[in-house]
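Enquirer: Handing you this structure, nothing more for now.
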Amino acid sequence: MEYTYLKIEEHDNIAVMKVSAPKTLNALNTGVFKDMDNYLTKFDCNKFRVLIVTGDGEKSFVAGADISEMANLSMLEGQAFGARGAAVFRKLETLHVPVIAAVNGFALGGGCELAMACDIRICSENAKFGQPEVGLGIIPGFSGTVRLARLVGQGMAKQLIYTGKVIKADEALRIGLVNEVVPQAELMNRAFELANQIAVNAPLAVKAAKLTINEEYDMPADEAIRNESVIFGRCFSTEDQKEGMKAFLEKRKPNFTGK
Ligand code: CO8
């Protein structure tokens, strides 16, 4: 399928989804969401074990929602636009394989929200993060108020959202918004290195770990602990569990098939 606003690369079992809207520093418009939704809907989680999300070019990951598209929205249109973006980001967050954001520049507003919907965030030294929405008369609308507070704590999230301040990569690392900062030239190599470290593991176990961690976030501790036991038990019905443990005992590398 051809996409207007995405560049897709597929390497063996790792896929790369690059947001590409060069005239607006990869800002998120209706077309970007349509392309993302289509790609994620048809994404083959049996074939690919990791998805990497990045932005086209060296300057910007995603510079937010497209301000020219939002400028004249009515209240109901604003709600619909926010809900559309939030639904696509939720689809990414709940995709059955891990998603790595390789943040290669500006990650502002909807760009920061896109990165936060990914499982793991790494960034280049020139990356900048922020939720500048209140300076435009709106609030984060693609679940930024939800995910930023969960990632960095309410106090820091409130400070960032109320001030709209843009922070550099080292500050994003300090507050836990990103896991690693690397030189720009190394960013995609590092993303692939991480993706490969994930891809060698049992795909059903990785998927189960992702869904379990996501699900348990909102559960009371006792329920979460019970939930983990049930999903842990289910792993013993997979061929990959048999293969993983057999390979260990036979002192060889496992050959996981995702069954
Ligand atoms: N939307 C539309 N166009 C944009 C955007 C954007 N978010 N960001 C950049 N552009 C355009 C610029 O207008 C410019 O276009 P042109 O060449 O036609 O003038 C081009 O991209 C290049 O940008 P600049 O010349 O401004 O480049 P600089 O290097 O000088 O500055 C910045 C880069 C700092 C990233 C600057 O462009 C900027 O501040 N951009 C806006 C960042 C921002 O405020 N993002 C948040 C938007 S709000 C949001 O994301 C809300 C999400 C929730 C929505 C809920 C729905 C209701």
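Enquirer: Name every residue in segment 142-167 that is in contact (Cβ under 8 Å) with a residue 40 or more places away in the chain and either over 19 Å from the mean Cα position of the chain (by Cα) or not assigned by TED's automatic domain parsing to the domain that holds residue 118 (or both), in order of residue number. I'd like the intermediate steps shown before the answer.
Expert: Going through segment 142-167, the residues in contact (Cβ under 8 Å) with a residue 40 or more places away in the chain turn out to be 142-143, 150, 166.
If the condition is that a residue be in contact (Cβ under 8 Å) with a residue 40 or more places away in the chain and either over 19 Å from the mean Cα position of the chain (by Cα) or not assigned by TED's automatic domain parsing to the domain that holds residue 118 (or both), then 166 is the only one that fits.
Enquirer: Taking only pairs six or more apart or across chains, which ones have beta-carbon atoms under 6 Å, a first residue in segment 203-226 that is farther than 13 Å from residue 97 by Cα and not assigned by TED's automatic domain parsing to the domain that holds residue 151, and a second residue that is of a type in the set (Asp, Glu) and part of a helix (DSSP H, G or I)?
Expert: 224/216
Here's the yes/no breakdown for (1) buried (at least 24 other Cβ atoms within 10 Å of the Cβ); (2) among the acidic types (Asp, Glu); (3) within 8 Å of the ligand (Cβ to nearest atom):
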{"position": "82", "(1), (2), (3)": "no, no, yes"}
{"position": "93", "(1), (2), (3)": "no, yes, no"}
{"position": "122", "(1), (2), (3)": "yes, no, no"}
{"position": "125", "(1), (2), (3)": "no, yes, no"}
{"position": "128", "(1), (2), (3)": "no, no, yes"}
{"position": "136", "(1), (2), (3)": "no, no, yes"}
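Enquirer: With the condition kept exactly as written, say whether any residue in segment 176-193 is small (Gly, Ala, Ser), touching a Lys or Arg at 6+ places or on another chain (Cβ under 7 Å), in a helix (DSSP H, G or I) and under 30 Å from residue 241 (Cβ atoms). Before the answer, list the steps.
Expert: Let us first name the residues in segment 176-193 that are small (Gly, Ala, Ser), namely 176, 185, 191.
Of the ones still in play, those that are also touching a Lys or Arg at 6+ places or on another chain (Cβ under 7 Å) are none.
So far as segment 176-193 goes, no, none of its residues is small (Gly, Ala, Ser), touching a Lys or Arg at 6+ places or on another chain (Cβ under 7 Å), in a helix (DSSP H, G or I) and under 30 Å from residue 241 (Cβ atoms).
Enquirer: Does segment 24-44 contain any residue that is in the same structural domain as residue 125 (by TED's automatic domain parsing) and modelled with pLDDT under 95?
Expert: At the first step, the residues of segment 24-44 found to be in the same structural domain as residue 125 (by TED's automatic domain parsing) are 24-44.
Cutting the leftovers down to modelled with pLDDT under 95 gives us none.
Scanning segment 24-44 turns up no residue that is in the same structural domain as residue 125 (by TED's automatic domain parsing) and modelled with pLDDT under 95.
Enquirer: Also, quick follow-up: Considering only residues of segment 11-23 that are outside any loop (DSSP other than H, G, I, E, B) and surrounded by 18 or more Cβ atoms within 10 Å (Cβ to Cβ), which is farthest from the ligand (Cβ to nearest atom)? Give the steps one after another, and end with the answer.
Expert: Within segment 11-23, the subset outside any loop (DSSP other than H, G, I, E, B) is 11, 14-19, 22-23.
Keeping just the survivors that are surrounded by 18 or more Cβ atoms within 10 Å (Cβ to Cβ) gives 14-19.
Values: 14: 28, 15: 25, 16: 22, 17: 19, 18: 17, 19: 12 Å.
Of everything passing the filter in segment 11-23, 14 is farthest from the ligand (Cβ to nearest atom).
Enquirer: Here's another thing I want to ask about it. Report yes if residue 116 is open to solvent by 30 Å² or more (accessible area, probe 1.4 Å), on the phi < 0 side of the Ramachandran plot and in the same structural domain as residue 160 (by TED's automatic domain parsing), otherwise no.
Expert: Details: open to solvent by 30 Å² or more (accessible area, probe 1.4 Å): no; on the phi < 0 side of the Ramachandran plot: yes; in the same structural domain as residue 160 (by TED's automatic domain parsing): yes.
Criteria not met by residue 116.
Enquirer: For segment 205-238, which positions are charged (D, E, K, R) and either open to solvent by less than 100 Å² (accessible area, probe 1.4 Å) or under 19 Å from residue 13 (Cα atoms) (or both)? I'd like the intermediate steps shown before the answer.
Expert: First, the residues of segment 205-238 that are charged (D, E, K, R): 207, 210, 215-216, 218, 222-223, 226, 228, 234.
Those that are charged (D, E, K, R) and either open to solvent by less than 100 Å² (accessible area, probe 1.4 Å) or under 19 Å from residue 13 (Cα atoms) (or both): 207, 210, 215, 216, 223.
Enquirer: For segment 24-52, what are the residues that are within 16 Å of the ligand (Cβ to nearest atom) and either outside any helix (DSSP H, G or I) or more than 30 Å from residue 201 (Cα to Cα) (or both)?
Expert: We begin by selecting, within segment 24-52, every residue within 16 Å of the ligand (Cβ to nearest atom); these are 24-34, 36-37.
If the condition is that a residue be within 16 Å of the ligand (Cβ to nearest atom) and either outside any helix (DSSP H, G or I) or more than 30 Å from residue 201 (Cα to Cα) (or both), then 24, 25, 26, 27, 28, 29, 30, 31, 32, 33, 34 are the ones that fit.
Enquirer: Please specify each residue of segment 60-73 satisfying the condition of being over 20 Å from residue 118 (Cβ atoms), without any contact (Cβ under 8 Å) to a residue 60 or more places away in the chain and within 11 Å of the ligand (Cβ to nearest atom).
Expert: Taking segment 60-73 first, the residues over 20 Å from residue 118 (Cβ atoms) are 66-73.
Okay, now just the ones that are also without any contact (Cβ under 8 Å) to a residue 60 or more places away in the chain, so 66, 68-69, 71-73.
Of everything in segment 60-73, those that are over 20 Å from residue 118 (Cβ atoms), without any contact (Cβ under 8 Å) to a residue 60 or more places away in the chain and within 11 Å of the ligand (Cβ to nearest atom) turn out to be 66, 68, 69, 71, 73.
The values are calculated or read from the model by the stated rules, or taken from the named source; none is laboratory data. Predicted, not measured: the structure shown is a model, and the values here were computed from it. Cβ atoms come from the backbone with ideal geometry, glycine included; neighbour counts cover every protein chain shown. With ligands, DNA and RNA removed, areas are computed over all heavy atoms of the protein, side chains included. Shrake-Rupley method; radii C 1.70, N 1.55, O 1.52, S 1.80 Å.
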